[in-house]
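Novice: There's a structure below that I have some questions on.
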Amino acid sequence: MLSVSLSRRKFLKPLAASAVALALAACEPLPTTSRGPGWDPTKPVPVALLLPAGSGNAGDDILARDLKQAADMAIADLSGTVDIDLRVYDAGADPSLAAQMASQAVADGAVIILGPVFGDSANAAGAAVKGQGVNVLSFSNNTDIAGGNVFVLGPTFQNAAQRLTGYAARQGKGNILIAQDKTPQGDLGGRAISRAAAASGAKIVGTVPYEFSGPGVTAAIPTIVATARSSGAQSLFFTADSAGALPLLAETLPQAGLGPTSIQYAGLTRWDIPPATLSLPGLQGGWFALPDPGLNTAFQSRFTAKYGNLPHPIAGLAYDGVAAIGALVKSGQPNPFSGAALTQGAGYVGVNGIFRLMGDGTNQRGLAIAQIQNGSYTIVDPAPRSFGGAGF
């Protein structure tokens, strides 16, 4: 979900049945993995990397390439301190294939699994190896599949919602109206905002859902405007991304008298992806959350210098996963890949900033708050560099 959405939906077209199934097939709770599998610490750590290559979609192959290259960068950075034996498995986009590859990886000796990308595939992979003490650090951001031995590394709506609602409350703009599309993504986003507001001192004053179509958005505009005015909303939070309803909302709401000069716009998705989104007149002054720009820019520069292209927006998750594995090995714990070890409170530092894995399989990440101004963005509240301080 988020702007680097892992579904292939296109705005103004019917939502694919497979995407609906993905979100509704949230994994059943899995038993918490309390121990890690046996591993000889005198040998390289056998790590499985499940990639989306082989799905038949060219975009998946590009993503797979960039994830593998980012993982290679992290392994090189650990050279001399931790040796990792990375085993790569092409899992495509089919959950049954992901389950098969996860089982094969464990049979080959893997003690922890990185990937896969898609939520239903991560769910299937975790279920396939749950009885063998192996945890799965998936690249998904779908928190509905998190739990048991499945952790999500991807940027979640909950992280963005917590950061944005807290910032809105501190800025005196904590009365929030939610505009959400009637999709699994919109539902996840709306729930995340409501939960975050309850914990941050903000208040949800209304929610306006709209059908996921051009006519659906247009029909909802009068209701959004009327609700904002009658409820005393100070901020309008969007769950939509740049590939979905966001551009149309940003165009039609100001025309209806509810522009960014009369209410604070904020979004759970990355409004800088693609960069052209930053130029939308209706989004000027709006807020969104993003990973630590300093660390992320440095990673992009290194990646481009090494491989000749910018990394895919989620490629850094593979680096983060390897970095976490390296930190756990260096900690000297007897079971470094157990659930208890993975969720240690100090967290990790990756190319997207600080992060830690939670006991429920979700993650917590340090995010910055950006504000769009004149077609670009500025950081108005930096990403925290440690847990427990401002920004959490």
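The values are calculated or read from the model by the stated rules, or taken from the named source; none is laboratory data. All figures in this text were calculated on a predicted structure; none of them were measured in a lab. No Cβ is skipped: glycine too gets one built from the backbone with ideal geometry, and neighbour counts run over all protein chains shown.
Novice: Identify the residue in the stretch 165-185 that is assigned to a helix (DSSP H, G or I) and over 20 Å from the mean Cα position of the chain (by Cα) and, among all such residues, is surrounded by the most Cβ atoms within 10 Å (Cβ to Cβ).
Specialist: Narrowing the stretch 165-185 to residues assigned to a helix (DSSP H, G or I): 165-170, 184-185.
Then keep just the ones that are over 20 Å from the mean Cα position of the chain (by Cα); that gives 168-170.
Numbers: Ala168: 25, Ala169: 19, Arg170: 14.
Once the filter is applied, the top-ranked residue is Ala168.
Novice: Only residues that are among the β-branched types (Val, Ile, Thr) and in contact with a Gly (Cβ under 6 Å, 6 or more places away or on another chain): list them for the stretch 301-346, please.
Specialist: Residues of the stretch 301-346 among the β-branched types (Val, Ile, Thr): 304, 314, 322, 325, 329, 343.
Hit for the stretch 301-346 is Thr343, nothing else.
Novice: OK, next. Please work out if Phe238 is crowded, with 24+ Cβ neighbours inside 10 Å and under 19 Å from Ala192 (Cβ atoms).
Specialist: Values: crowded, with 24+ Cβ neighbours inside 10 Å: yes; under 19 Å from Ala192 (Cβ atoms): yes.
It is true that Phe238 is crowded, with 24+ Cβ neighbours inside 10 Å and under 19 Å from Ala192 (Cβ atoms).
Novice: Taking strands (runs of 3 or more DSSP E) that do not extend beyond the stretch 38-145, which have at least 3 residues that are modelled with pLDDT of 95 or more and of a type outside the set (A, V, I, L, M)?
Specialist: Values: elements: 45-51, 84-90, 112-114, 135-138.
In the stretch 38-145, 84-90 are the strands (runs of 3 or more DSSP E) which contain 3 or more residues that are modelled with pLDDT of 95 or more and of a type outside the set (A, V, I, L, M).
Novice: Another question, then. Name the pairs: first residue in the stretch 85-100 and outside the structural domain of Ile75 (by TED's automatic domain parsing), second residue modelled with pLDDT under 95 and of a type outside the set (A, V, I, L, M, F, W, C), Cβ to Cβ under 6 Å, at least 6 apart or on different chains?
Specialist: That search, which allows pairs on different chains as well, returns nothing.
Novice: With the requirement that a residue be surrounded by fewer than 20 Cβ atoms within 10 Å (Cβ to Cβ) and not in a helix (DSSP H, G or I), what does the stretch 241-256 give you?
Specialist: Of everything in the stretch 241-256, those that are surrounded by fewer than 20 Cβ atoms within 10 Å (Cβ to Cβ) and not in a helix (DSSP H, G or I) turn out to be Ala243, Ala256.
Novice: Another question, if that's okay. Tally the residues that are surrounded by fewer than 24 Cβ atoms within 10 Å (Cβ to Cβ) and either β-branched (Val, Ile, Thr) or touching a helix residue (DSSP H, G or I) at 6+ places or on another chain (Cβ under 8 Å) (or both), restricting the search to the stretch 129-140.
Specialist: So in the stretch 129-140, the residues surrounded by fewer than 24 Cβ atoms within 10 Å (Cβ to Cβ) come out as 130-133.
Retained after the next criterion (residues that are either β-branched (Val, Ile, Thr) or touching a helix residue (DSSP H, G or I) at 6+ places or on another chain (Cβ under 8 Å) (or both)): 132.
Qualifying residue count for the region: 1.
Novice: Restricting the search to the stretch 309-352, which residues are of a type in the set (D, E, K, R) and out of contact with any strand residue (DSSP E or B) (no Cβ under 9 Å at 6 or more places or on another chain)? Break it down stepwise before answering.
Specialist: Taking the stretch 309-352 and keeping what is of a type in the set (D, E, K, R), we get 320, 330.
If the condition is that a residue be of a type in the set (D, E, K, R) and out of contact with any strand residue (DSSP E or B) (no Cβ under 9 Å at 6 or more places or on another chain), then Lys330 is the only one that fits.
Novice: If you don't mind, there's one more thing I want to ask. Residues being surrounded by 15 or more Cβ atoms within 10 Å (Cβ to Cβ) and touching a residue at least 40 places away in the same chain (Cβ under 8 Å): count how many of those fall in the stretch 186-234.
Specialist: Result for the stretch 186-234: 16.
Novice: Scan the stretch 186-197 and tell me whether some residue there is on the phi < 0 side of the Ramachandran plot and outside any helix (DSSP H, G or I). Step through it out loud before you land on a result.
Specialist: Within the stretch 186-197, the subset on the phi < 0 side of the Ramachandran plot is 186-197.
Filter once more, so that each one left must be outside any helix (DSSP H, G or I): none.
Scanning the stretch 186-197 turns up no residue that is on the phi < 0 side of the Ramachandran plot and outside any helix (DSSP H, G or I).
Novice: Go through the stretch 220-240 and give me each residue that's within 17 Å of Gly186 (Cα to Cα) and either at pLDDT below 95 or small (Gly, Ala, Ser) (or both).
Specialist: Those that are within 17 Å of Gly186 (Cα to Cα) and either at pLDDT below 95 or small (Gly, Ala, Ser) (or both): Ala220, Ala240.
Novice: If you don't mind, there's one more thing I want to ask. Considering each of Ala305, Ala390, Ala324 in turn, give the residue that is at pLDDT 95 or above and not assigned by TED's automatic domain parsing to the domain that holds Leu51.
Specialist: Residue meeting the stated conditions: Ala305.
Novice: As an exercise: evaluate Ile372 against (1) outside the structural domain of Ala198 (by TED's automatic domain parsing); (2) in contact with a Gly (Cβ under 7 Å, 6 or more places away or on another chain); (3) over 19 Å from Leu317 (Cα atoms) and give the number of the one condition it does not meet.
Specialist: (1)
Novice: So, in the stretch 272-316, of the ones that are within 19 Å of Gln69 (Cβ to Cβ) and of a type in the set (A, V, I, L, M), which residue ends up surrounded by the fewest Cβ atoms within 10 Å (Cβ to Cβ)? Break it down into steps so the answer makes sense when it comes.
Specialist: Initially, the stretch 272-316 is screened for residues within 19 Å of Gln69 (Cβ to Cβ), giving 291, 295-316.
Now drop any that are not of a type in the set (A, V, I, L, M), which leaves 295, 298, 305, 310, 314-315.
On the way: Leu295: 19, Ala298: 12, Ala305: 8, Leu310: 12, Ile314: 22, Ala315: 26.
The residue in question is Ala305.
Novice: Out of the residues in the stretch 59-76 that are closer than 17 Å to Ala327 by Cα and without any contact (Cβ under 8 Å) to a residue 24 or more places away in the chain, which is farthest from the chain's Cα centre (by Cα)?
Specialist: Taking the candidates together, the pick is Ala76.
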